[in-house]
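The values are calculated or read from the model by the stated rules, or taken from the named source; none is laboratory data. No experiment lies behind these values; they were computed from the predicted model shown. When we count neighbours, we look across all protein chains shown, and the Cβ atoms used for this are built from the backbone with ideal geometry, even at glycine. What goes into the accessible areas is simple: the full protein's heavy atoms, side chains included, and nothing from ligands, DNA or RNA. Shrake-Rupley method; radii C 1.70, N 1.55, O 1.52, S 1.80 Å.
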Amino acid sequence: MRHPVGGGERDSGHVRNCMGHGVPDTSPWPAAAGRLSLVDLSRSTEELQMGSGQTVAVFGAYGHTGRFVVTELRDRGFVPLLLGRDAGKLQALAASHPGLEYRVASVDDPASLDQALKDAAAVINCAGPFASTVAPVIEAALRTGVPYVDVAAEIEANLDTFTHFTARAQTAGVAVVPAMAFFGGLGDLLVTTAMGDWMAADEAHIAYGLSSWHPTAGTLASGTVSRERRDGQRVRYTGGRLEYYVDECDLPTLEWDFPAPIGRRTVLGEFTMADVVTVPSHLSIPEVRTYMTTDAAKDLAAPDTPAPTAVDERGRSAQTFTVDVIVRSGDTQRRVVASGQDIYAISAPLAVEAVHRILGSQTRTSGVASAGKIFDAPDFLRALSAHISLEPRHESRAPQFS
C-alpha cells in the first residue's frame, strides 16, 4: 500500500513489536474511577461556575470539529462566539444555538480578526487547513492579548507555531497551545503521564487503534496541503530531530497487541502524526514513533470513503479508538492506554478543557507549549473521564525489540 494521505500526518523509523499488559507500578495515579469525595464535588461545581459568562471565540465554528467545540463550550458554561468567513454558514449555526453571537472574519483581513476577538476571553482555532489559518489567528491573539488554542493535526503547521511564535508569545505572556486535539494533544498527555517521574526515556511509541476513519473535508484538505509542503517526502522523529526523507517502498506493517477488546491488529509502522512535534517539544525522548491500524489507513486513503455520520444525540460517529502508549527507558517500559468514541468529537473536550485551565490559571508555563508541558497531564486526563476511558499506568520489563 502506498503512503496514505490525510490530515493527521504520518511516517516513522524502525518498527517495534510490542508486548501485552505489564503489571501496575507503585507510582501515584488518579484516584480510583467512580469515587468522588466532597472535595471533588465542590471542585466540580466551582469549575463549572468558572466558565459561566466567559466568552470564547471559535474560529471555524461551523466546521465539523468546530460544531463539537461550540456544543462543548455551552455544556461547560462558556458563551461561544461564532467566527468564520462564511456569513451564511455562521448565521445558520447561530440559528441552531439561539442567543449566540457571530462575527465574520477572514485570515486575509487582520482588522476583521482583531474585531472578532474583541471582548473574547480566549480563542479556539478549528479552521483548517491550519497552514493557512494558524499564523493569522495567533497574530490576532497576540495583538489582543487573548489565549490561543487550536486543533491542528498538521505537523508543519504545529512546527511553524513553535518556530515563529515561542519568543513572542512568551514576551507577551499569552498562552498558545497548538494541536490540542486527538492527534498531538491526547498523545502528548498520555506520553507525559506514562513518563511519570522519568526525566528522559529512550523511546516513545504511540499506536492508534481506530475501528475506521471516515475523514472530514477539512482532514482531506489539510492532508493535501501537507503533501504539497513535503514535496513527496516522508517525515519521522529519530535521533532527537525531525527528519524528512524519500522512500519509494510501501509503508512497513507489524502486529500490535492492543489491550482487550481490540486485541492484536495490523498497523502501519511509519504513519507519523503530530505527536512527533508535541512530545519532543518538552520531553527528552530521541525516538518518537506513531502507528495506525491498517484498516483505518485504508479508509483514509480510499477516494470513496464517506464523511462521518452521526449515530447518537451528541453527533458522534460510530468510530471507536484506542490509543496505546509505551515509553521505554533501558530495560523498563511504562504503558498508558486511552479509549473512546469519535476522534473528531473527542477534540472538543480536549480543547475546551485546555481553555478552562488557561483561564483558571491552572497552567505550568506561558507562551507556546504543548498540552503535556503547560498542564498537569494526569489531572487533565482525569478531567476527561466522561469522554475517555483510561487504564492505569503499567510498568514492566521492556520486550526484546526487533
Spread of Cα-to-Cα distances over 10 Å intervals beginning at zero, given as percent, for the stretch 171-330: 9, 34, 39, 15, 2
Contour minus Cα-Cα distance for A386 and T332 (0.36 nm per residue): 16.3 nm
Please work out which option in (i) 21.8; (ii) 21.1; (iii) 27.9 gives Kirkwood radius over Cα pairs in Å calculated from these coordinates, and answer with its label. (ii)
Ignoring any ligand, DNA or RNA, what whole percent of the accessible area of the stretch 171-260 comes from carbon and sulfur when the probe is 1.4 angstrom? 50
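When a/c reaches 1.5 or more, the comparison of a/b and b/c decides; with that in mind, is the stretch 285-359 rounded, prolate or oblate per its Cα gyration tensor?
Verdict is oblate for the stretch 285-359.
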Whole number in Å², please: accessible area per residue of the stretch 112-207, 1.4 Å probe, ligands, DNA and RNA not counted. 28
Return one quarter of the surface area of the convex hull spanned by the alpha-carbon atoms of the stretch 157-218, equal to its mean projected area, in nm². 6.5
Using only Cα atoms, find the angle between the long axis of helix 217-230 and the longest principal axis of the chain, and express it within 0 to 90 degrees, rounded to the nearest 10. 60
Can you spot the lysines whose alpha carbon is less than 23 Å from K89's alpha carbon? Ignore those fewer than 8 places along the same chain. K118
Thinking of the stretch 330-392 as a set of Cα atoms, what percent of all their pairs are more than 19 Å apart? 38
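What FRET efficiency comes out for the pair E243/V311, r = Cβ-Cβ distance, R0 = 35 Å, nearest 0.05?
Efficiency for this residue pair is about 0.30.
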For the stretch 56-167, which whole-number percentage of the solvent-accessible area (1.4 Å probe, protein heavy atoms only) is attributable to carbon and sulfur atoms? 52
Just the accessible area per residue of the stretch 305-402, please: how many Å² with a 1.4 Å probe? 36
Using the basic label-point model (7 angstrom from Cα toward the beta carbon), what is the D250 to D109 distance in nanometres? 5.0
Can you give me the solvent accessible area of M292 with a 1.4 Å probe, rounded to the nearest 10 Å²? 0
Taking every Cα atom in the stretch 152-257, find the radius of gyration and the maximum pairwise distance Dmax, and write them in Å. 16.1, 47
Of the candidates R289, R382, R236, which one comes out as most mobile in a Gaussian network treatment of the chain with C-alpha springs shorter than 10 Å? R382
What distance in nm separates the simple spin-label points at E228 and T166, each placed 7 Å from Cα in the Cβ direction? 2.8
